[in-house]
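> I'd like to ask some things about the structure below.
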Amino acid sequence: MARPRKPLLSTDRIVETARELVDAEGLAAVSTRRLAAELGVSGPSLYNHFRTKDEILEAVADSVSAQVDLSMFEDGRDWRTALHDWAVSYRAALRDHPNIVPVLARGPGRRPAALRLADAVYGAMVDAGWPAAQATSIGALMRYFIMGSALGSFAGGFVEDPSAYDPADYPHLGQAHLLAEQQEKIDERAFETGLTALLDGLVAQYEQVARGR
């Protein structure tokens with residue numbers, strides 16, 4: 001009986017395996033030796049697809065950027081709604097893969113999906129009437145806000161031990177030990193509150209820009 005053939009090694013397979021490893025164990029867990037073991041191949045075979053570990057992590061980061069929906073910038077939604085819906089999609093992708101955020105935070109570099117994302121946001125803002133400089137700033141501030149929200153949970157940062165919050169020291173944190181129980185709800189509400197405030201502020205600026213034309 002013939003032996004079952006091993007799946008062919010491919011760029012996509014390497015990236016998928018590396019992404020799973022980053023998700024499960026963090027960036028430090030990724031090495032060419034570890035990846036080769038996970039894939040059941042020899043280490044040198046990886047070099048036919050990627051020259052370094054950093055290239056692999058860049059590809060993993062770009063695979064996450066590729067999960068962000070960009071259709072809202074092409075289907076006629078007004079710029080505020082498009083930014084809102086894009087931000088929600090972007091945060092969802094980062095929330096599913098939080099360990100890769102430090103790599104994404106370096107900027108798009110040469111990553112194709114990340115560059116398409118930047119191009120879509122900037123182009124939509126310019127098309128909506130924002131001056132080029134302000135369109136650039138909008139893309140930057142949205143990235144700061146979304147990535148910051150994905151770096152850690154606010155609610156999850158509080159321990160569930162009531163004794164940690166002595167009222168003599170922290171008179172306003174008597175219920176802080178309950179925050180972690182509702183982590184997802186609190187973090188989602190905080191993100192939406194901040195996003196609404198940010199977009200409302202941009203609308204006010206946009207009206208000033210429109211009046212100045």
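> From the list 178, 199, 195, which one is open to solvent by 50 Å² or more (accessible area, probe 1.4 Å) and aliphatic (A, V, I, L, M)?
Going through 178, 199, 195 in turn, just one is open to solvent by 50 Å² or more (accessible area, probe 1.4 Å) and aliphatic (A, V, I, L, M): 178.
> I want to confirm something. Restricting to segment 21-52 and keeping residues that are assigned to a loop (DSSP other than H, G, I, E, B) and open to solvent by less than 40 Å² (accessible area, probe 1.4 Å), which single residue is nearest to residue 110 (Cα to Cα)? Spell out the reasoning first.
The initial filter retains those residues of segment 21-52 that are assigned to a loop (DSSP other than H, G, I, E, B), namely 26, 30-31, 40-42, 47-52.
If we keep only those that are open to solvent by less than 40 Å² (accessible area, probe 1.4 Å) as well, we get 26, 30, 40, 50.
Numbers: 26: 23, 30: 21, 40: 29, 50: 15 Å.
Among them, the one singled out is 50.
> Being open to solvent by less than 50 Å² (accessible area, probe 1.4 Å) and touching a residue at least 24 places away in the same chain (Cβ under 8 Å) is the filter here; which residues of segment 109-119 pass it?
Within segment 109-119, 111, 113, 114, 117 qualify.
> Kindly check whether there is at least one residue in segment 53-64 that is touching a helix residue (DSSP H, G or I) at 6+ places or on another chain (Cβ under 6 Å), in a loop (DSSP other than H, G, I, E, B) and not assigned by the TED database to the domain that holds residue 192.
No, there is no match, as no residue in segment 53-64 is touching a helix residue (DSSP H, G or I) at 6+ places or on another chain (Cβ under 6 Å), in a loop (DSSP other than H, G, I, E, B) and not assigned by the TED database to the domain that holds residue 192.
> Follow-up question, since we're still on this one. Output the number of residues of segment 111-166 satisfying the condition of being over 17 Å from residue 195 (Cβ atoms), outside any helix (DSSP H, G or I), within 17 Å of the chain's Cα centre (by Cα) and not small (Gly, Ala, Ser).
1
> In segment 12-20, is there at least one residue being of a type in the set (D, E, K, R), in contact with a Pro (Cβ under 9 Å, 6 or more places away or on another chain), open to solvent by 30 Å² or more (accessible area, probe 1.4 Å) and in a helix (DSSP H, G or I)?
The answer is yes, given that some residue of segment 12-20 is of a type in the set (D, E, K, R), in contact with a Pro (Cβ under 9 Å, 6 or more places away or on another chain), open to solvent by 30 Å² or more (accessible area, probe 1.4 Å) and in a helix (DSSP H, G or I).
> So is residue 153 surrounded by 11 or more Cβ atoms within 10 Å (Cβ to Cβ), closer than 29 Å to residue 120 by Cα and without any contact (Cβ under 8 Å) to a residue 12 or more places away in the chain or not? Before the answer, list the steps.
Numbers: surrounded by 11 or more Cβ atoms within 10 Å (Cβ to Cβ): yes; closer than 29 Å to residue 120 by Cα: yes; without any contact (Cβ under 8 Å) to a residue 12 or more places away in the chain: no.
Here the answer is no, as residue 153 does not meet what is asked.
> If residue 81 satisfies every condition in (1) polar (S, T, N, Q); (2) free of Cβ contacts under 8 Å to residues at least 60 places away in the same chain; (3) part of a helix (DSSP H, G or I); (4) surrounded by 13 or more Cβ atoms within 10 Å (Cβ to Cβ) but one, which is the exception?
All conditions pass for residue 81, except number (4).
The values are calculated or read from the model by the stated rules, or taken from the named source; none is laboratory data. Here the structure is a predicted model, which is why all the values come from computation and not from measurement. Cβ: placed from backbone, ideal geometry, glycine included. Neighbour counts: every protein chain shown. Surface accessibility is based on the protein's heavy atoms, side chains included, excluding ligands, DNA and RNA. Shrake-Rupley method; radii C 1.70, N 1.55, O 1.52, S 1.80 Å.
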